[in-house]
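Report on the structure given below.
What follows draws every value from the coordinates through simple rules; no lab data is involved. Everything numeric in this text was worked out from a predicted model, so none of it was measured. Here the Cβ is made from the backbone with ideal geometry for all residues, glycine too, and neighbour counts use every protein chain on show.
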Amino acid sequence: MRKDSIKGNATRREGKAADAVDAARSACDRLVEEQVRMMEEVARAWCPTLTAMCCRPSRNPSVGPAERLAEAFSGMAVIQLHDDPYELRMSDGSTVMIAEGKSGLTGMYVPGGGGDGRDAIHCATAGRQDGTHRRRHFTMLHEIGHMVQNRDRTLARRVRTQRIMDRHDFEERCCHMFASRCLLPDSLVGRYMAWPFSADDAVALYRHSFASRMAVAYRMAGLMPSPGSVTVRTTDGRVSMVAVSPWGDCVEEDGRWKETEDDVVRSRAQWFEVRCLHDGPQSGGAGNRMGDRPETMQGGGR
Amino acid sequence: MARHMTAKERVEALRGQCAYHEPAALRRITYPQALARRMNEGVRPGQLWVVKDERSRMAYVLVERVGHDPRVVTVTPMSDDPGMAMPRTPVVEARKSPLGVALAPITALRGEMPVRLLCTPLGDLDDSTMACIARFSPPAEGARAEDGAWIDDPMSLASYADLADLMDDWRGRCTRLPPMPKAPDCDSPFDERDAALYDMLIDVLGLTVPQANEVYDGKRALDERERLALIAAGAHPRDLDFTFALPADLLIEVEQPLWRDKVEAFARTHAGDPCLGLARECYTLHARTKGTWRDRLGKLEI
C-alpha cells in the first residue's frame, strides 16, 4: 500500500477540512496547544539549543537530554537526578518520595526550592517500563515545563486565570505535551512516520529519539487522523499500555470491530502494535497533531 | 408496675441520646468497623444519622435527598419519642428502626442542612418505610394543635421549639458554604478581571513573578500597605482575598462526614472555614501525589 507523507495528506486536507478540524477541536485542546506553543517559545529563548539537546544523539550513552538540560538550566534551578528512591522533605514538613512505584511520583518542581532565587527540580532516574532510563528525559522536561509556566509572567498569568479547565490539570497537561514535543518534535516525527502509520514507524521513531515507548505511542496516536490505537507490549507479550486516537479506537471495549475489518491497517513490530482505520474520517485529529510550520533543529543532529 | 415517663423525662432522654436504648442495638450501631463501613459508603437517602454541630447540639435526622449541590442534604428530624409524632404521621416501628426503638419523623421541620453536620451514621431504613415518610406532608398548623396530645405538654413544646430553632440555624448555614467554581466559559477562556489583578501585583507592588504567584495562590497574604496600594490603583477590596477556585469535586469531598475528624482537628489550629482550609491543603498536595481527592485527603496529616 502506497504511503503518503503526513505533510502531503495535511496539504490535501487543508482546503476541505480545516474548518472541520477547528470545529472538532475542543476549547480545552486549543487552550493547551496555545499554551504549549508559547512554552516552547519561552523555553527556546532561555535555551536556544533546546531542540538539539533533546534530540541529538550522544557518544556517551549515559548522557542524554536529562543530563544536558540539568546543566543548561543550572542557573535557574538546582536540578538533582536521583538514582535511588529519594525522600524529599517539603517546606511544610511533609515528605514525599521521589521514585517510581512508591507514591507514583517521578519528579518534582519546587518554586524557590533551590535558594538564591533559584527553583529546584528533582527527578528519579530508576528505569521502569523499558529499563533504559528514558523516562527521566520526559520527567525532566515535564518539570522544566512547570518552571517555564511559573517563571514567565504571561504563562503564569494564563495558568491562573484560564477558566476552562482545572488549573492543575491544565498545567499538567501542558507539561506533558511540552515534554512530548521536545523529545519528539514535528521534524523528527515527520522523518520516521508516514500515513497510514505502522509499528515499524513507531520502532524507528523510538530508536531515533530519547523518548520512551509510552511517549512514542501517545505521540503517534495523537497524530492519527482517524480511529486507531497504538499498543505497547512488554518483552513477554503483556499489554503495557494503549494510546488511543482522538477519534477513538477501531474496536469496542469488548474487542468487536467498529468498522469493516478490511479497512483497518494493522501491524506489529517488537513492542508496538498499531491499528488505524485507513479509510476513516479524513480530518486531522485533536491533541498532538503536527502543525504546518516545520520545526528546525538547532545545532547538529540527524 | 412500669412507671409512665413524664414529658420532662422524655425530653431529657432525647437530649441524652440513646440513654435508654437497647444495649445490643447500640453496640451494633457503634461498632468501629460497622461505623467505618457506613462512613465509607457515603451519604445517601434512607440513612439515619446523628447530627452534631460545633456547640455540641445534636439531633437524629433521616436523609431524604442529596441536593443538586451534594454538600447540602434534605433531612427530616427524627424523635425516639413516638409521643412527639404529628397526627397521622407514620411512625417507624422498633423492629424496622436501626436504633431498635420506634422513631417518629417530625416532618413539619423537614429542611436542608450542610452535609458536614452529619456526625454518626446509624443505619438505613428500608425502601418502603423511607418512601412512606418521604411522601408524607405535615398537617396544617390547626390540625396539629387539635390532635397532638403532646401539644399540651410544655416540655414537649419546648423541645419542639428548640428543634425548630436548630433546623433554622442549620438551614441558614447552607448559604455560607464556600462558593463553587464558576462554570467553564469556552468563548472567553480567561478571566480578564483576574488577569488584570495578577498584573497589578507585578506592576503596582513590584513583585517578581514567583512572588506574585505566591500571593495569587493564597500562599502569602498581602500586608496592609500592599492592599492599600492595590486599592488605590483600582483593585476592589473583595478581590484581594485571592480565594482561587478549588475544584468542585474537592469542595464536595471535603464536606463529607468521612473527614469530620480531620476537619475538627484542622479547626483547632486554623482560623476560618476548616473545610475550605483543609481543601486548600489537599489541593497543594495534589501537585505532588496521584489518586483521587479521597486518597489525598486520607494522606493529609493534621
How many partner chain Cβ atoms sit within 10 Å of a residue's Cβ in peptide B:187-197, on average, as a whole number? 4
For a label point 7 Å along the Cα-to-beta-carbon line of B:A271, residues of segment B:215-231 with backbone N under 18 Å: B:218-228
On the formula 1/(1 + (r/R0)^6), with r taken between the Cβ atoms of B:A161 and B:L228 and R0 of 51 Å, the FRET efficiency rounded to 0.05 is 0.60
Range of Cα positions in segment B:209-302 per principal axis (Å), largest first: 45, 27, 21
How many Cβ atoms of partner chains, on average, are near each residue of A:109-122 if near means within 10 Å of its Cβ? 1
Any chance you could run the full-extension gain for A:S187 through A:S62? It's 0.36 nm times the residue separation minus the Cα-Cα distance, nm to one decimal. 42.5 nm
Projected area of segment B:178-262, taken from the Cα convex hull and averaged over every viewing direction, in nm²? 7.1 nm²
What's the FRET efficiency of B:S188 with A:H168 using the Cβ-Cβ distance as r and R₀ = 22 Å, to the nearest 0.05? 0.55
Checked against a 23 Å limit on the C-alpha separation, the offending pairs among B:K52/B:K219; B:K52/B:K299; B:K219/B:K262 are B:K52/B:K219; B:K52/B:K299
Between B:E41 and B:S128, what is the label-to-label distance in nm when each label sits 7 Å out along the Cα-to-Cβ direction? 1.9 nm
Cβ neighbours within 10 Å from other chains - mean over A:147-160: 4
Length gained if B:K96 through B:T208 is fully extended, taking 0.36 nm per residue and subtracting the Cα-Cα distance, is 33.8 nm
I want the local charge near A:G117. Using Cβ-Cβ distances under 14 Å, sum +1 for each Lys or Arg and -1 for each Asp or Glu among the other residues. -1
Which FRET efficiency, nearest 0.05, do B:D169 and A:T235 yield, Cβ-Cβ r, R0 56 Å? 0.30
